[in-house]
Amino acid sequence: MRFILSMAWRDSRASRRRLVLFSLSIVLGIAALVSIGSFSTNLRRAVDDQAKTLLGADLLVVGREDFSPEVRAFVSERAIEQAEEQTFSSMAVFPGAEDGTRLVQVRAMEGRFPFYGVFETFPADAPERLRAGGDVAIVEQTLLRQFGVGVGDTVRLGQTTFTVVGELLAIPGESAAIALLAPRVFIPLATLEATGLVVPGQELLLRHRLLFTLPETVNPLEVERNLRASFPVEQLSVDTVDERRRELGRALERIEAFLSLVGFIALFLGAVGVASAMHVYVRQKINTVAVLRCIGSSARQSFAIYLVQGLALGFSGAVLGAALGIAVQLVLPALLEGVLPVTVSFFVAWGAVAEGLIAGIVISLLFTFLPLLAVRRVSPLVALRASHVEGMGPDPWRILIGIGIAAAVVTFAIVQTGEVDIGLGFAGMLFLGFALLAALARGVAFAARRWTPRRMPYVLRQGIANLHRPNNRTVLLLLSLGLGTFLILTLYLTRTTLLREIQTTDEGGRPNLLMFDVQDDQIEELVRLAAAEGAPVTRRAAIVTMRVAALRGQPVEELVGPGRGRGRGGDGRGPAGWTLRREYRSTYRGELTPTERLIEGDFIGQAPAGDPVVPISIERGLQEDMGVQIGDEITWDVQGVLIRSRVASVREVEWRQLEPNFFVVFPEGVLEGAPQFHVAAMRAESPAESARVQRVAVSAFPNITAIDLTLVMQTIDGILSKVSFVIEFMALFTVATGIIVLAGSVMTGRYQRIRETVLLRTLGATKRQLTRIQLVEYAILGLLAALMGCGLAVVGNGLLAWYVFDLPPVAPGGLLATAVLSVVAVTLTTGLLSSRGITNHPPLEVLRQET
C-alpha cells in the first residue's frame, strides 16, 4: 500500500492541473445537492419552530355566511381567547394620488389577533390603535409606496375615509407574495357596516373567520373533528396548525425534490465528465503502466495506483463542492425572501453535507472504475513497441459496473424525490434523454464517416472528420451541452407558457377590465358611464347565488354525511364533497359565449313553458366531480326557493380568459326575478384609461370591485419571475457543469489534437486552416446539441403544459433561436480558448514519438 500511495503521488505531479480541472466537473453538482439539502433542513426546522405562527392561532374556522349562534357557542365553550375577521375584495381610493385606485383585500378585524407571532407594522403600536377602534387602517407598505402615501394620510373604502395609522410589514402565516395580487388593508370590524361595502344579498362574497386558542390539554384535531361532525351542512372550513404545516410541507417537498433533481443531474453530468477525463488520462498513462509492468509491478498494483488517484479526484471535488454548497445556502434565503411564510435562519446541516459527500464519492468512484479497467490489461510489450494496440475483449466487470451505475442513479433519484414512482420515472427519463443524445452522437459520427462529400472544401471535410476520429469528444459534448440546454430551456418555456396564457386575454380586442358586485339598480348606469368614458361594456352577466339542495332526488344532508360525498377527492364513491357544500354563483342567458364550447347534449337558451324541470348547462369539470350525466336531476336552493333542474348540456369553459364564466348556466325565463347582482366586462385601450374608468366607477358606486388584467399580469409575472429565478439559479449549476465538462473534454483531447495538428502542418496545412477546422467541429457539435436540447425542452414543456398546468404549450421561435445561438457561441468560445497554442508545436515533437 505504501508503494501504491507513493507512486500515485509521484505520478500525479505532472498532471495535477488537469486532475484539478477534472475534479471541478463534480464540484457544482455536489454544491447544488448540499446547498439544497442543507437549506431544506433549515427550512423544516424553521417550520417546526414557527409552526403556530403559520396560522397565528390554534384553530381557524372559515365560513361563507355569518356564523350561527350554535357555532359561536361551540367555539366560546372551548376557546381561551378568540378573534373574528371578515375578509373580502374591494377598491381602495387614495385621495389626491394620481390614478389612486387599487383592488385590495379588506380585512375587518376584532380581537387580539395574531395570538402567535408578531403583527409587524411601522410604527409598532399600529395594531393597538387598530384594536382601539375608529376610522383607522393599517395598509400594505408596498401599496403606500406605490401611491406616495404615508402614515397620517387617508384612504377611502366605500363611503368611509380611514386614517392610515400604520404600514403593514408582515403578519404571521402569510408571505409577502400574497400581497402582490391584492394588497391587504386592515380596519376595525365595527366600522365595516358604515363603509356600505356589504350590500344586502351580497354577503356571501364575504369570508367570515373565527380564530381562537385552546388550552394545552385540548387536542386541536379533536376539536376540528367535533366541529365538522356537529355542523355538517354549515359549509365550514377548518384549519389547524398541523394542517397548515402539512400543506406547506407538501408544497416545499415538491420544490425541494425538483431542485434536488437539478443538482443531481449536474452531479451525474459531472460524473460523465470525470469518466471521460479519466479515460483520456489513463490512455496517456498506458506507457507508464507498461514500464511499471516491466519492472515487476503487478496488474493489480498498477490498477490500484490510478484508482487512488481517481478516489482523490472524487474526494477533493466532493469536499470543495460541499464547501461551495454551504456558501450557496447563505444566498438562498435572500433569494426566497418574501416568498416563504417563515423566517429561515442559517445553520450547517451536517447530514445534508454528508449526503452530498457520499453521493459525490460514490458517483465518482463508479464512473472512474470504467476507464480504469483498461489498466488491468496493459502488457509490458506496450513499453517496447509504441504502435502496439491492446485488445480489450469482453470484460464482465464492465457489465457489473454498468449495473452499479444504473442502480446508483435509480437509488439517488428515489432518495432525492422521496417517492419510488417519481424517482423511477425521473431515472427512466434521464436514461432516455442520455440515450437519445448518445444515439444522436453515434449517428453523427457514423454519418460523418460514411457520407461526407469528397468535393467538399478541405477545411469542412477535416472538421467533419474530427467527429468520428479515434478518441473523439462527440458523445461527451453532445451529452453535456444537450442536457444543459434541455433543462434551462424547459424552465424558460414553462414560464413563458404560463405568462402567455394570461397575455392572450389582452389580444384581439378582448376585455381587460372586469367590474364585479354591480347591483341590479346600478348596472344600466354603469353601462352608460363606461360608454361615456370610452370603454364600453362588451359583455355583462347577472349572478344569482344558490346551492345544491338535492341530487337525483337525494337530499344533500344525506350525501355529505361521514364517509360520503368524497368522489374524486376521497374514496371515489359519489359526488366530490366540494360540489355539494359550495355556494354557486350562476347566471342565465340564451346563448353560449366565445369562451365556451358545447361538448355534450343540447344548449337550451329559453326555458320551455310549463315544464317544472328547468334544463341547465354545467361545466365539464363540475360534471365529472359531481358525477352527473345528461338527464340527471339537480334541485337548487335559490335563496329559499327550490328549483328543480335537469342536466341538458355540458360545456368546456376557457377559465383563463378574463370573461364572465360560470359553472352553471340557466336558460332565460327562470331566474330573472331572483335577487341578483351583475358583472360587466369592458376594454380599456391604455393603462391610463383603465385607471380613469376605475376611478370614475368606484367614485359613483363604492361597492364595485374592479380587476385590471394588466395589473394582474404584471403581478403574476413578478411572482413567477422571483420563483423561476431561484429555479434557474440552481439549474445554472447544470449548465456551468456542462461548460466545465466541455472545457475538460477539450483539454483531455489536447494531446490527440497536438498530434493531429502537427501532422496536418507537416502535410502543408496553415494555422488559419487549422483554426477553421476546429471552428467547423465545434460549430457542428454546438448546433446539434442545441437543436436536440431545444427539441427535448419543447417536448418537456409540452408534457408539463398539458398534464400539469392544463394549458396549450408555447414555444416562441425567437427564444428557441436565441438558445441555439447561445449554445453554439459557448461551444465555440470554450473550444477555441481551450485549444490555444496547439498550432505552435513543431512537427518534430510528434514525429520523434512515432519513430
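The values are calculated or read from the model by the stated rules, or taken from the named source; none is laboratory data. The shown structure was predicted, so the numbers you read here are calculated from the model rather than taken from an experiment. Neighbour counts run over all protein chains shown; Cβ positions are idealised from the backbone, glycine included. Please note that ligands, DNA and RNA were not included when accessible areas were found on the heavy atoms of the full protein model with its side chains. Shrake-Rupley method; radii C 1.70, N 1.55, O 1.52, S 1.80 Å.
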Quiz prompt | Complete set of residues in the range 138-154 that are under 35 Å from the mean Cα position of the chain (by Cα) and either closer than 9 Å to GLU167 by Cα or in a helix (DSSP H, G or I) (or both) | solution = ILE138, VAL139, GLU140, GLN141, THR142, LEU143, LEU144, ARG145, GLN146, PHE147
Quiz prompt | Residue that is modelled with the lowest pLDDT [pool: residues in the range 63-85 that are open to solvent by 30 Å² or more (accessible area, probe 1.4 Å) and out of contact with any Phe, Trp or Tyr (no Cβ under 9 Å at 6 or more places or on another chain)] | solution = ARG64
Quiz item: Counting only residues that are crowded, with 19+ Cβ neighbours inside 10 Å, under 17 Å from PHE162 (Cα atoms) and out of contact with any Leu (no Cβ under 7 Å at 6 or more places or on another chain), how many does the range 105-136 have?
Solution: 5
Quiz item: GLU140 passes all but one of (1) out of contact with any Pro (no Cβ under 6 Å at 6 or more places or on another chain); (2) among the acidic types (Asp, Glu); (3) within 20 Å of ILE187 (Cα to Cα); which number fails?
Solution: (1)
Exercise. Identify the residue in the range 300-339 that is assigned to a helix (DSSP H, G or I) and at pLDDT below 75 and, among all such residues, is most open to solvent (accessible area, probe 1.4 Å).
Key: ALA334
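One line per residue, one yes/no per condition, for (1) part of a loop (DSSP other than H, G, I, E, B); (2) closer than 24 Å to GLY270 by Cβ; (3) at pLDDT 80 or above:
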| position | (1), (2), (3) |
| --- | --- |
| LEU759 | no, no, no |
| GLU777 | no, yes, yes |
| ALA785 | no, yes, yes |
| LEU821 | no, no, yes |
| VAL824 | no, yes, yes |
| LEU832 | no, yes, no |
Quiz item: So LEU206 clears everything in (1) at pLDDT below 85; (2) more than 22 Å from ARG72 (Cβ to Cβ); (3) not basic (Lys, Arg) except one condition, right? Which one?
Solution: (2)
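Take ILE643 and decide whether it is assigned to a loop (DSSP other than H, G, I, E, B) and surrounded by fewer than 21 Cβ atoms within 10 Å (Cβ to Cβ).
no
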Self-check item: Test for VAL389: is it open to solvent by 80 Å² or more (accessible area, probe 1.4 Å) and either modelled with pLDDT under 80 or not in a helix (DSSP H, G or I) (or both)
Solution: yes
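What number of residues within the range 122-137 satisfy the criterion of being assigned to a loop (DSSP other than H, G, I, E, B) and either under 35 Å from the mean Cα position of the chain (by Cα) or at positive phi (or both)? Show your work before the answer.
Looking only at the range 122-137, we keep the residues that are assigned to a loop (DSSP other than H, G, I, E, B), and these are 123-125, 132-135.
When the remaining residues are screened for being either under 35 Å from the mean Cα position of the chain (by Cα) or at positive phi (or both), the result is 133-134.
Residues meeting the conditions: 2.
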Practice problem: Could you tell me whether any residue of the range 666-673 is farther than 22 Å from THR593 by Cβ and either over 37 Å from the mean Cα position of the chain (by Cα) or not acidic (Asp, Glu) (or both)? | Solution: yes
Quiz item: Would you say ALA427 is free of Cβ contacts under 8 Å to residues at least 60 places away in the same chain, among the small types (Gly, Ala, Ser) and open to solvent by less than 30 Å² (accessible area, probe 1.4 Å)?
Solution: yes
Quiz item: Among the residues of the range 253-265, is any open to solvent by less than 30 Å² (accessible area, probe 1.4 Å) and modelled with pLDDT of 85 or more?
Solution: no
Practice problem: Could you figure out which of (1) in contact with a strand residue (DSSP E or B) (Cβ under 9 Å, 6 or more places away or on another chain); (2) closer than 30 Å to GLU689 by Cβ isn't true of ALA97? | Solution: (1)
